[in-house]
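Engineer: Have a look at this one before I ask anything.
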Amino acid sequence: MLFLATSLSLAALDKETAKKEDPQPKPAAEKESKRPRRAAPGEITCSLHLTWWDEPPMAEGERLELAIQVDKTTTPFMAGQMQIGPAVEYIGPGAVTIVRKLKTQVEDVDKKGKPITRTVENWVPFASCVVPAGQPDILVLLMLVPGKPQAIARAFDINQETFPFGSFHILNFSKARVGCSLAGKVFFAEPGQRAKSPMVMSQRQVVNFRLAVFETGGAQRRLYSTPIILDERTRRLYFVTEVPGADIEQRYETRTLVDYRQVQPTATEDPATEKPEPKATKAPTKAAPKAEK
């Protein structure tokens with residue numbers, strides 16, 4: 001009986017102790033909303049495609065870490081060279097801020113008082129550009145400032161309604177007037193302006209392409225005169241830049257950015273069946289054909 005009473009007393013004591021030690025269940029924490037942030041008044045919403053004019057030279061194993069910053073939020077991105085890469089969805093001020101990661105070695109001591117070196121990472125300003133409202137797709141071109149850890153950023157509208165596949169645009173970064181003849185149709189890009197070819201290709205075609213600059217003093221320089229292939233699956237941005245002070249023969253440079261339409265296979269198409277490679281056979285030896293004169 002004494003043992004039974006003692007056991008009951010201990011059981012009751014355990015229940016009371018459990019009540020004191022076991023906290024009341026807490027309400028479930030509110031989950032963070034997965035819905036995208038809405039644009040505040042005065043902010044813009046667009047897709048940014050970032051690319052380098054020239055990729056910065058880096059030591060082996062190093063890379064430049066860049067991000068787009070809105071308030072305290074950073075969105076890292078990778079940029080290729082002269083290509084329209086993956087989109088970074090942007091909601092924020094019209095002045096887009098690009099930052100780079102700066103790593104600094106700091107001398108410190110550990111818990112035992114021994115000196116150590118640790119790495120401190122911070123995001124610092126790198127480039128910025130203004131994006132007009134109402135443009136859903138923007139190409140941001142990054143040009144490294146020589147001798148400085150900064151870049152110049154230029155924004156260009158690449159919305160498919162204004163820059164469709166099959167089109168050819170000229171971006172004139174020079175102080176001269178640029179004239180272009182494409183398949184016999186002539187158009188001009190004024191200094192610092194963008195010009196659109198009146199032609200939008202609907203099929204693959206070889207056309208004659210001529211490009212020349214006309215300086216204010218009357219000097220002219222032909223940059224190109226050659227046939228090129230255009231089609232409905234590509235769109236081209238043609239850049240004309242100027243090296244100030246150089247002779248007219250060496251003063252102007254051109255670059256082309258070609259964007260290719262991504263063709264998605266239809267659902268009705270069956271995947272191609274991989275066939276085994278045929279066994280190698282030795283072809284009979286033939287005389288080499290004579291070169292055409």
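The values are calculated or read from the model by the stated rules, or taken from the named source; none is laboratory data. Here the structure is a predicted model, which means the values were calculated and not measured. Glycine also receives a Cβ, built like all others from the backbone with ideal geometry; neighbour counts cover every protein chain displayed.
Engineer: From the list Ala127, Ala95, pick out the single residue that is farther than 23 Å from Pro41 by Cβ and of a type in the set (Gly, Ala, Ser). So that I can check it myself, show each step before the final result.
Structural biologist: Values: Ala95 fails: farther than 23 Å from Pro41 by Cβ.
Unique residue meeting the criteria: Ala127.
Engineer: Turning to a different aspect of this structure: Where in the range 138-255 are there strands (runs of 3 or more DSSP E), lying wholly inside it, with at least 2 residues that are among the hydrophobic types (A, V, I, L, M, F, W, C) and exposed (fewer than 12 other Cβ atoms within 10 Å of the Cβ)?
Structural biologist: Per the criteria, no element qualifies.
Engineer: Can I ask one more? Do any strands (runs of 3 or more DSSP E) entirely within the range 49-118 hold 3 or more residues that are at pLDDT below 95, and if so, which?
Structural biologist: Numbers: elements: 66-70, 73-77, 88-92, 95-109.
Those strands (runs of 3 or more DSSP E) span 95-109.
Engineer: Please indicate, with yes or no, whether at least one residue in the range 147-158 is among the small types (Gly, Ala, Ser) and without any contact (Cβ under 8 Å) to a residue 24 or more places away in the chain.
Structural biologist: First pass over the range 147-158, keeping only residues among the small types (Gly, Ala, Ser): 147, 151, 153, 155.
The next check asks that each one be without any contact (Cβ under 8 Å) to a residue 24 or more places away in the chain; those that pass are 147.
So far as the range 147-158 goes, yes, one or more of its residues are among the small types (Gly, Ala, Ser) and without any contact (Cβ under 8 Å) to a residue 24 or more places away in the chain.
Engineer: Taking the range 166-196 only, how many residues are of a type in the set (D, E, K, R) and over 18 Å from Gln220 (Cα atoms)?
Structural biologist: Keep residues of the range 166-196 that are of a type in the set (D, E, K, R), which gives 175, 177, 185, 190, 194, 196.
Restricting the remaining residues to those that are over 18 Å from Gln220 (Cα atoms) gives 185, 194, 196.
Qualifying residue count for the region: 3.
Engineer: For the list (1) at pLDDT 95 or above; (2) exposed (fewer than 10 other Cβ atoms within 10 Å of the Cβ); (3) closer than 24 Å to Trp52 by Cβ, I need the number of the one condition that Gln262 fails.
Structural biologist: Failed condition: (1).
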